[in-house]
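Just so it is clear, none of the values below were taken in a lab; they were calculated from the coordinates. If you're wondering where the values come from, they're calculated on a predicted model, not measured in any experiment. Every residue, glycine among them, receives a Cβ derived from its backbone with ideal geometry; neighbour counts consider all protein chains shown.
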Amino acid sequence: MPQPLELDALVEAAQKRTGLTRFDAETFREALTIFLTDFNKLPLPEHGVEGTREVIIAALANRLKVTAYLEARPELLERPITRPVFVFGIPRTGTTLLNNLLAADPHRRSPLSWEIDNPVPPTTSATLYNDPRALAQLAAEKTLLTERPDVGKYYRFSAIYPNECLFFMGQDFKNVNWESRGKLPNYRDYLFGEVDMAPAYAYHKRYLQLLQSEAPGVWNLKMPSHSLYLDTLLKVYPDARLIWSHRDPLTATGSFCSLIDNGGQMSIGWSDPAWIGENMPWQAVQHVERIMDFRDRHGEDRVIDSHYADVIRDPIGSMRQLYAALGDEYTPEAEAGMRAWLADNPQGKFGRHTYKLDAYGLTPEGLRPRFERYLSRYDVEPEG
């Protein structure tokens, strides 16, 4: 029987691993306590519990290292983050594709997977793609894809591709990535309910200020669940530019269910199709409802629309239009970078991600009415 995870023991393990003791703040404790209370009730195999223990310790260790580095260089916290771009929407609506295309512009700066995992010391502009930490992670990914070539079907990843904000915001433990680790109803209700996301976004900014210290640029950022907290995001980044990626919500929801299902099986040995079929559609609806509510308060023009169907059909033309909406110059270097990325990443490069709604007790007829407000407001091209 796996030993339950205890917050203080996890903190002590991170402190022992790093030799550091101080966190910039302990705002993570409330969320991590709620998460652990739910998580410790799950009937998981030992590898699932131990894997989660390691991921939590690694997150706490990174926060300790970020704190120590910024305490040694407090001037970094005075450097502004100007007009960052945030991409969001229902999960599985093409946010990753859009994010990668934007990141292919050499004039933009994106948090790369390897540096999110290993932020200290921060790398330089010249070594973003060949830092030894990046090369080591690329080698590990090559081994993973050799052993499990199907992994690439679910999420297009690379150590040197941009990755989601959730992987460093999660160091405040208020994040849907943690919620995906099993049936965690109390933690889910906390995340979608009374949670105060201000500390998580404040930490998000600190993390970027560290990463940009030797590798500056205009930040290009992505996380579907930014959709849930846009008012808080704007308090930290008042000049942020916001992009909503639209896709047929029925297709997106089916893909979302499959992603969580396969991710749970791989990471913790967990699968609960009934809970996934209840939880993920509810979350998908929350994403679109909260963006629409935000627009009702702030105006349609506060958010830029991008449609997955258009990006797939004409990626370069769509990006030209997006740049115009952002007010950014669409340079030859940007287009060359995007064309090179598209050539290296054709659809289906790692196989096609297939799924069936009925595996989760869902039907198109049952899902469609839940998105009525969204579908009646936006001209979203149906799929399938």
Query raised in the report: Can you give the FRET efficiency for A126 and Q3, using 1/(1 + (r/R0)^6), R0 = 45 Å, r = Cβ-Cβ distance, to the nearest 0.05?
Result: 0.50
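If packing is taken as the average number of other Cβ atoms within 10 Å across a peptide's residues, how do 167-173, 335-341 rank, most packed first?
Numbers: 167-173: 23.9, 335-341: 15.9.
Ranked from most to least packed, the peptides come out as 167-173, 335-341.
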Query - Charge dipole (region 229-384, unit charges on Cβ, about Cα centre) - positive-most of S306, S255, L230 - result: S255
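What are the semi-axes of the equivalent ellipsoid of region 84-377, taken as the square roots of 5 times the eigenvalues of the Cα gyration tensor, listed largest first and rounded to whole Å?
Details: eigenvalues 150, 106, 87 Å².
Over the Cα atoms of region 84-377, the ellipsoid semi-axes are 27, 23, 21 Å.
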Report task. Apply the Karplus parameterisation 6.51 cos²θ - 1.76 cosθ + 1.60, with θ equal to phi minus 60°, to every residue of region 172-188 and state each ³J(HN,Hα) to the nearest whole Hz, in sequence, with x for glycine and proline. Result -> 9, 6, 10, 6, 5, 5, 5, 5, 6, 8, x, 7, 10, x, 6, 5, 4
Report task. Treat every Asp and Glu Cβ in region 275-384 as -1 and every Lys and Arg Cβ as +1, leave all other atoms uncharged, and give the resulting dipole magnitude about the Cα centre to the nearest 20 debye. Result -> 320 debye
Report task. Could you let me know the centre-to-centre spacing of region 220-274 and region 124-144, using Cα atoms, in angstrom? Result -> 26 Å
Query - Antiparallel %, DSSP beta bridges [both residues in the chain], to 5 - result: 5 percent
Report task. Please give, to one decimal in nm, the separation of the simple spin-label points placed at H107 and L138, each 7 Å out from Cα toward the Cβ. Result -> 2.6 nm
Requested in this report: Kindly write out, for region 370-384 in residue order, the coupling ³J(HN,Hα) from the Karplus curve 6.51 cos²θ - 1.76 cosθ + 1.60 (θ = phi - 60°), rounded to whole Hz, with x marking Gly and Pro.
Outcome: 5, 9, 4, 4, 5, 5, 7, 9, 10, 8, 9, 5, x, 10, x
Query raised in the report: For R339, what charge total do you get from the other residues with a beta carbon under 14 Å from its beta carbon, if Lys and Arg give +1 and Asp and Glu give -1?
Result: -4
Requested in this report: Could I have the simple spin-label model distance between T82 and E329, label points 7 Å from Cα toward Cβ, reported in nm to one decimal?
Outcome: 1.4 nm
Query - Filtered trypsin sites (Lys or Arg not before Pro), region 38-86: DSSP coil and at most 16 other beta carbons within 10 Å - result: K41
Report summary line: Output ordering of 252-264, 277-289 (per-residue mean of other Cβ within 10 Å, highest first) is 252-264, 277-289
Report summary line: Residues whose built amide H sits under 5 Å from the amide H of L5, excluding neighbours closer than 5 in sequence, are none
Report task. Compute the length gained on full extension between Q286 and T33: take 0.36 nm times their separation in residues and subtract their Cα-Cα distance, giving the result in nm to one decimal. Result -> 88.7 nm
Query - Lys/Arg +1, Asp/Glu -1 at C-beta; region 300-384 dipole; positive extreme among A340, L367, L322 - result: L367
Report task. Name the residues whose placed amide hydrogens come within less than 5 Å of the amide hydrogen of V85, ignoring near sequence neighbours (fewer than 5 apart) on the same chain. Result -> W219, N220, L221, R241
Requested in this report: Determine the gain in length on full extension of the stretch F192-K16; use 0.36 nm per residue of separation and subtract their C-alpha separation, reporting nm with one decimal.
Outcome: 60.0 nm
Query raised in the report: With charges only on Cβ, +1 for K and R and -1 for D and E, what is the dipole size of region 84-377 about its Cα centre, in debye, rounded to 20?
Result: 260 debye
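Using alpha-carbon pairs under 8 Å, 6+ residues apart, how would you state the relative contact order of the chain in percent?
Numbers: 534 pairs, mean separation 94.8, N = 384.
Relative contact order of the chain: 25 percent.
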